[in-house]
1. In the range 1-36, how many residues are assigned to a helix (DSSP H, G or I) and among the hydrophobic types (A, V, I, L, M, F, W, C)?
2. Could you list all residues from the range 74-85 that are assigned to a helix (DSSP H, G or I) and either in contact with a helix residue (DSSP H, G or I) (Cβ under 6 Å, 6 or more places away or on another chain) or surrounded by 10 or more Cβ atoms within 10 Å (Cβ to Cβ) (or both)?
3. Within the range 7-30, track down each residue that is surrounded by 13 or more Cβ atoms within 10 Å (Cβ to Cβ), of a type outside the set (Phe, Trp, Tyr) and under 19 Å from Leu118 (Cβ atoms).
4. Can we say Val14 is touching a helix residue (DSSP H, G or I) at 6+ places or on another chain (Cβ under 7 Å) and hydrophobic (A, V, I, L, M, F, W, C)?
5. Just for the range 83-137: of the residues that are among the hydroxyl-bearing types (Ser, Thr, Tyr) and under 20 Å from the mean Cα position of the chain (by Cα), which one is modelled with the highest pLDDT?
6. Residue check: is Glu71 within 30 Å of Ile29 (Cβ to Cβ) and either in contact with a Ser or Thr (Cβ under 6 Å, 6 or more places away or on another chain) or in a helix (DSSP H, G or I) (or both)?
7. Counting just the residues of the range 4-36 that are in contact (Cβ under 8 Å) with a residue 24 or more places away in the chain and acidic (Asp, Glu), which one comes out nearest to Leu121 (Cα to Cα)?
8. Based on this model, can you work out whether Ala98 counts as surrounded by 16 or more Cβ atoms within 10 Å (Cβ to Cβ), touching a Pro at 6+ places or on another chain (Cβ under 7 Å) and in contact (Cβ under 8 Å) with a residue 12 or more places away in the chain?
Amino acid sequence: MLRPYIDFRRRYDVPVWMGESGENTDEWIALFVNALEKNDIGRAFWPYKKMGKPYSVASIIPPAGWEKIVEFARLPRGTANVEERLKARPEQETVTRAFAEFVENLRTERCRVNEGYLKALGLKSDVALPGWEKRSN
């Protein structure tokens, strides 16, 4: 997978930078980071928080009722589907409460640190940040 980029770098004497890798398992990330380091390829991994997924530095805890909102959002759109969508639409109180909780859950101290992901990147998870409680995966 890296061979074409390594060959390009050698041919044109330019650096190679991997700016985005996408989500994957901790094991895959660790192997990929190792391959990049062995081949002197610079890298960046998204530091953003993901909701309820371990494929990031930290995970946002999904708020109560969030799945109902997601299910509604996935329904087919268009005028032919209006009645189905109206029946499945979560109550406004559920939506309001879920989004308020979502905003609170975005706060760093309410997120879960994904130690396996950090370890896969070769980073330490024992760094204390102000207001950040360590939560298990």
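1. Adding up the residues that qualify gives 10.
2. Asn81, Val82, Glu84, Arg85
3. Across the range 7-30, the qualifying residues are Met18, Ser21, Glu23, Asn24, Thr25, Asp26, Ile29, Ala30.
4. It is false that Val14 is touching a helix residue (DSSP H, G or I) at 6+ places or on another chain (Cβ under 7 Å) and hydrophobic (A, V, I, L, M, F, W, C).
5. Selected residue: Tyr117.
6. For Glu71, the condition - within 30 Å of Ile29 (Cβ to Cβ) and either in contact with a Ser or Thr (Cβ under 6 Å, 6 or more places away or on another chain) or in a helix (DSSP H, G or I) (or both) - is met.
7. Taking the candidates together, the pick is Asp26.
8. When the stated conditions are applied, Ala98 passes them.
The values are calculated or read from the model by the stated rules, or taken from the named source; none is laboratory data. Remember, it's a predicted structure, so these values are computed and weren't measured experimentally. We place every Cβ from the backbone using ideal geometry, glycine too, and count neighbours over all the protein chains shown.
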